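Here the structure is laid out as structure tokens; the discussion comes afterwards.
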Amino acid sequence: ATETLDKALTESGYSRAKAKNTGRGCAVADWVSKGGESYALLQVDADGVLTLSSAVTDTGPGVFTMMRQIVGEELKVPLDAIRVEMLDSSKVIKDTGVRGSSSTRVHGTSALHASRQLRAEILSVAGQLMDASPEELIVYDGGVTHGRAERRMTYGEIVRAHGAPLMAEGHYVNLADGPEASLVAQVAEVEVDAETGEVRVTKLTTAHNTGAILNPLTHQGQIDGAVVMGVGYGTIESLVYDESGRVLATNLGEYKIPNIRDIPDLHTAILQSDFGSGPYNSMSIGETALIPTAAAIANAVEDAVGVRIKALPITAEKILIALK
């Protein structure tokens, strides 16, 4: 936690001199990944095509991309060589779904187990066909190579010689949260107009201590998306009800969310740990960047003009009332 905080303070220039009515605020948080249960089915057919089947519904974090990456890593095939089949809930015993930054841990691990089982099955069948022990064989580029005999068979050739597709099932179940925590420290920099109370977030630095990063692009996408949500939560979004409990905003024109003009200069710093409950020691990242953002902005506003806003969103009206 200390390392993460130091990284955020250093990367943001927290202690540098700043202009009048400019403030910097820091906030820290952690997130413990959620457990769950999932099944992954994996098959390779006579054409050498791998099919990954799962009942998980991808709500946006790219869980099938991650699962396919893990299959590709274990069986040494490119991503586009792996088909995806979405199963309904009647085809598996249980699937807890995507929740609480759990998809890589829960569904990635079931894909990992299925991949390693299928890999062992492929090596066993290839060993019989090549008259070799599995230990003498190498999985590489969509096939199996017998180094000593200088012989190679593709997955398709192995399945055709075997006479039937090769299949494996991966199952993961661990309903306990954590035990490790994904840590985050953020520094928001704001400019406040002391005459109108208008606040503008100009820079947001987010530092994370997390596990192995399996897909840098989607990992950063989760962070950026969460930070922007945090800026909206902290400065723009307000869910107003009438006396009967009905939401007054009828559309996104009335319920404002951040657009491109509201997004500050974003900076990310990552510290990777060698532990985590997901595949290859990975750790959750989806929620962490959202949690401290509004608090960091509130601290920055106080640093800029000396008033503490205790209710979200932090609007010009609230700041002006506090200043007066």
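Here the range 95-208 is treated as a sphere whose radius is the Kirkwood value from Cα pairs; by Stokes-Einstein at 10 °C and 1.306 mPa s it diffuses with a coefficient of 84 µm²/s.
Dividing the helix sum by the residues of the chain, where each DSSP H run of 4 or more adds -39500 (n - 2.57), gives a mean residue ellipticity at 222 nm of -10000 deg cm²/dmol.
Share of Cα-Cα pairs in the range 267-318 beyond 13 Å, in percent?
Result: 70 percent of Cα pairs exceed 13 Å.
Shape descriptor for the range 27-154: Rg over Rh equals 1.07 (Cα atoms; Rh from the Kirkwood inverse mean 1/r).
Seen through its C-alpha gyration tensor, with square-root eigenvalues sorted a ≥ b ≥ c, the range 185-273 comes out oblate because a/c lies at 1.5 or above while a/b is not bigger than b/c. To put it simply, the accessible area of the chain at a 1.4 Å probe is 51 percent carbon and sulfur. Counting only protein heavy atoms and a 1.4 Å probe, the chain has 50 square angstrom of accessible area per residue. Rounded to the nearest whole Hz, the Karplus-based 3J(HN,Hα) values (6.51 cos²θ - 1.76 cosθ + 1.60, θ = phi - 60°) of the range 191-203 follow the sequence 10, 10, 7, 5, 7, 10, x, 4, 10, 10, 7, 9, 8, with x at glycine and proline.
Span-like helices, the chain: DSSP H, alpha-carbon axial extent 20 Å or more, mean Kyte-Doolittle -0.5 or greater, which ones? Helices passing the filter in the chain: 103-130, 216-235. The reciprocal of the average 1/r between distinct C-alpha atoms defines the Kirkwood hydrodynamic radius, which for the range 54-115 equals 11.9 Å. If R0 is 25 Å, the Cβ-Cβ spacing of ASP88 and THR51 corresponds to a FRET efficiency of close to 0.95. In the range 130-263 the Cα-Cα distances spread across 10 Å bins starting at 0 as 8, 20, 18, 18, 13, 12, 8, 3, 0 percent of all pairs. Across the protein chains, with a 1.4 Å probe defining accessible surface, the residues LYS94, LYS318 rank LYS94, LYS318 from largest area downward.
Using only alpha carbons, the range 2-60 has a radius of gyration to Kirkwood radius ratio (Rg to Rh) of 1.37.
Remark: accessible surface ordering of LYS310, LYS76, LYS203 (largest first) is LYS310, LYS76, LYS203, probe radius 1.4 Å.
By the rule of a C-alpha distance below 29 Å, with chain neighbours fewer than 8 residues away ignored, the lysines paired with LYS91 are LYS34, LYS76.
Of the listed residues LEU248, LEU183, LEU166, the order by accessible area with a 1.4 Å probe, largest first, is LEU248, LEU183, LEU166. Amide H contacts under 5 Å for GLY13: none, restricted to partners 5 or more places along the chain or on a different chain, H placed in the peptide plane at 1.01 Å from N. For GLY36, nonlocal amide neighbours, meaning residues 5 or more places apart or on other chains whose placed amide H falls under 5 Å from its own, are ASN174, LEU175, ALA176. The shape of the chain can be summarised by an equivalent ellipsoid whose semi-axes, obtained from the alpha carbon gyration tensor, come to 50, 21, 15 Å from longest to shortest. Our coupling estimate for the range 38-43, obtained by passing each phi through the Karplus curve with A = 6.51, B = -1.76, C = 1.60 and θ = phi - 60°, is 7, 10, 10, 10, 9, 9 Hz, Gly and Pro reported as x. Taking amide hydrogens as placed 1.01 Å from N in the peptide plane, the amide H of ALA249 sits under 5 Å from those of VAL240, each at least 5 positions away in sequence or on another chain.
The values are calculated or read from the model by the stated rules, or taken from the named source; none is laboratory data. Just so it is clear, the model here is predicted, and its values are computed rather than measured. Glycine gets a Cβ as well: all are built from the backbone with ideal geometry, and neighbour counts include every protein chain shown. Note: areas computed on protein heavy atoms with side chains; ligands, DNA, RNA excluded. Shrake-Rupley method; radii C 1.70, N 1.55, O 1.52, S 1.80 Å.
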